[in-house]
Amino acid sequence: MTLRDGLTFHDGTPLTADDVVFTYNNVLSGAGSRVSKLSALKGYDDVYGKEIADAQCEGIKKIDDKTVSFTLSAPNRLFIVALAESTMGILPKHCFEGMTPTQIEEDIEYWAKPIGSGPYMFDEVSYPNYVTLKAFDGYYVKPGVDKILMTYYADSAAQQAAMIAGTLDVLTRVEEEFATNVSSQNPDCVAHVEPGNYIRFFQVNASGKIRTGTGHPGMTDKRVRQALNLLTDKEAMCQLNGSLCAPLSSIVNPESPYYDTNIPAFKRDVEKAKQLLDEANFDYSIPIRVYSHYTNQTTADLFELLAQNWGEVGIKIETVQDSNWENYQSTKPGEAPNYDLKYGGWAGIMDPIEFFVQYSYSGMSASFQGESPYEDPEWVEYHKARYDELVAKSLASQDPAEQQEILNELQENYLDDLLSIPLYCRNDTNIFNEAHIKGFPSFSGDIEEVVDLKVADWSLVG
């Protein structure tokens, strides 16, 4: 990676390769929530989570003041995405010399008014009321708007009133009803709906064992998992969660360019489900234990709907809502969880290969597979052939057509195995006052992850 000429931080200090090397080593050593994205680096395991001040990963090297090299242990096209994430912003090394990642994270004086290097710098900070940003004269492109006010609102009603009054110009990730109400009262406020990549699903504990009581042995049979998928009224679940939701066949949003168009739209099929359960000799006397750490009423309503759906063929369920996930998740290696199915969510970049990286045997995590060990050699080899080999091939590919072909095969394998059962995805609505500002990008991804709002491209109208 070669840095642009003349880059500086907002305090006037030059931004050099030393800052880049320092930043990624700090993130890696601190083992934050996004650090796994850097796992492709050579020497990752030597530094990961070690909490080392001025850590040095073998795969990150300064060549000269403007050049940094990143060496990976294997080809991985997701690595470039990791470098672009918001949590990977370049830190000014001179502000943190000799500090551990935790000390950096807890440096209240710095984080009260951080020093960045982008098109805008912090101007006035009044926590938690507002922050003003002003254009940074040292940036290589002059932003179209000189000053931005970011304001805290107590609730969505206050946000809505401000947008209708024209005192708030940009709001992201709003409900469709919110956007419709605002636009009807202030037609200058235009809603932009983008395909999202946040999904809800049932994580399957496919071992058939749970920590307390008796797990349902049917979870080990993919015909049972397929039947549960077909029994679930995903359209009704979407209605419970807002009209911007879409039922899932694959784990990919059907509006995504990565969706496998060979997979038909989901359709509930009770008769087919009953046939699959009969073929699997399903034991109706044992209830299926379904857990969620979401304790809200919407989840309670969803569980009630599920009991009705599955009860149509005689399946009984036992549902638990408990925010203390340690009561139900595994807390040590080899320990089974306390559920047959877990209702949860996942969001990553729009390219679903990230999902399958974690879905592969080598990347298997509690987020998808359940914590029970999968030690059957035949199952391990089957899973590796179906996922690991394809994932590795996709990560190494530079051909979009080949990547899509592999992704289609992964989606079809997933739909056959259903080690997690896809339910629905949520699209995103962002609303802007186009009478005041222009220049908004198409987001094409989850706004919390890798989306660039391209604020420097905005300009005032008139």
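The values are calculated or read from the model by the stated rules, or taken from the named source; none is laboratory data. Only a predicted model underlies this, so the values are computations on that prediction, with no experimental measurement involved. Virtual Cβ from ideal backbone geometry, glycine too; neighbours counted across all protein chains shown.
Being at pLDDT below 95, out of contact with any helix residue (DSSP H, G or I) (no Cβ under 7 Å at 6 or more places or on another chain) and not polar (S, T, N, Q) is the requirement here; does Ile104 meet it?
Working: at pLDDT below 95: yes; out of contact with any helix residue (DSSP H, G or I) (no Cβ under 7 Å at 6 or more places or on another chain): no; not polar (S, T, N, Q): yes.
Spelling it out, it is not the case that Ile104 is at pLDDT below 95, out of contact with any helix residue (DSSP H, G or I) (no Cβ under 7 Å at 6 or more places or on another chain) and not polar (S, T, N, Q).
Scoring Gly12 on the criteria (1) surrounded by 17 or more Cβ atoms within 10 Å (Cβ to Cβ); (2) among the small types (Gly, Ala, Ser); (3) outside the structural domain of Leu91 (by TED's automatic domain parsing) leaves a single failure, condition (1).
Matching residues to (1) in contact with a Pro (Cβ under 8 Å, 6 or more places away or on another chain); (2) crowded, with 20+ Cβ neighbours inside 10 Å; (3) acidic (Asp, Glu); (4) modelled with pLDDT of 85 or more:
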| residue | (1), (2), (3), (4) |
| --- | --- |
| Thr429 | no, yes, no, no |
| Ile447 | no, no, no, no |
| Lys454 | yes, no, no, no |
| Asp457 | yes, no, yes, yes |
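Report, by residue number, each residue of segment 373-391 that is assigned to a helix (DSSP H, G or I) and surrounded by fewer than 18 Cβ atoms within 10 Å (Cβ to Cβ). Residues satisfying the conditions are Pro377, Glu378, Trp379, Val380, Glu381, Tyr382, Lys384, Ala385, Glu389. Residues of segment 389-411 include at least one that is closer than 23 Å to Ser73 by Cβ, assigned by TED's automatic domain parsing to the domain that holds Val320, of a type in the set (Lys, Arg) and at pLDDT 80 or above.
May I ask you to verify whether Asn205 is modelled with pLDDT under 90, surrounded by 23 or more Cβ atoms within 10 Å (Cβ to Cβ) and closer than 13 Å to Leu341 by Cα? Yes; evaluated as a whole, the condition is true for this residue.
Going residue by residue through segment 255-262, is there one that turns out to be charged (D, E, K, R) and farther than 19 Å from Leu419 by Cα? Walk me through it before giving the result.
Our first condition is that a residue be charged (D, E, K, R); within segment 255-262, this holds for 255, 260.
Those left that are additionally farther than 19 Å from Leu419 by Cα: 255.
Checking segment 255-262: at least one residue is charged (D, E, K, R) and farther than 19 Å from Leu419 by Cα.
Note on segment 333-358: residues that are free of Cβ contacts under 8 Å to residues at least 60 places away in the same chain and assigned to a loop (DSSP other than H, G, I, E, B) total 2.
Considering only residues of segment 238-271 that are assigned to a helix (DSSP H, G or I) and touching a strand residue (DSSP E or B) at 6+ places or on another chain (Cβ under 9 Å), which is surrounded by the most Cβ atoms within 10 Å (Cβ to Cβ)? Steps first, please.
Filtering segment 238-271 for residues assigned to a helix (DSSP H, G or I) gives 238-240, 270-271.
Narrowing the set further to residues that are touching a strand residue (DSSP E or B) at 6+ places or on another chain (Cβ under 9 Å) leaves 238-239.
On the way: Cys238: 20, Gln239: 13.
Top of the filtered list is Cys238.
Residue selection: Glu235 satisfies the criterion of being part of a helix (DSSP H, G or I), assigned by TED's automatic domain parsing to the domain that holds Gly345 and not aliphatic (A, V, I, L, M). When segment 182-198 is filtered for residues that are surrounded by 15 or more Cβ atoms within 10 Å (Cβ to Cβ) and either modelled with pLDDT of 90 or more or within 21 Å of Val131 (Cα to Cα) (or both), the ones remaining, listed by number, are Val182, Ser183, Asn186, Asp188, Cys189, Val190.
Gly215 meets the conditions (1) of a type in the set (Gly, Ala, Ser); (2) out of contact with any helix residue (DSSP H, G or I) (no Cβ under 6 Å at 6 or more places or on another chain); (3) within 30 Å of Leu460 (Cβ to Cβ) in every case but one. The failed one is (3). The condition (being modelled with pLDDT under 90 and within 25 Å of Met350 (Cα to Cα)) is satisfied by just one residue among Leu41, Leu83, Leu72: Leu83. Residues in segment 141-169 that are exposed (fewer than 13 other Cβ atoms within 10 Å of the Cβ) and part of a loop (DSSP other than H, G, I, E, B): Val141, Lys142, Asp146, Tyr152, Ala154, Asp155, Thr167. In summary, strands (runs of 3 or more DSSP E) completely within segment 23-140 and bearing 3 or more residues that are touching an Asp or Glu at 6+ places or on another chain (Cβ under 7 Å) and either in contact (Cβ under 8 Å) with a residue 60 or more places away in the chain or not hydroxyl-bearing (Ser, Thr, Tyr) (or both) occur at 130-135.
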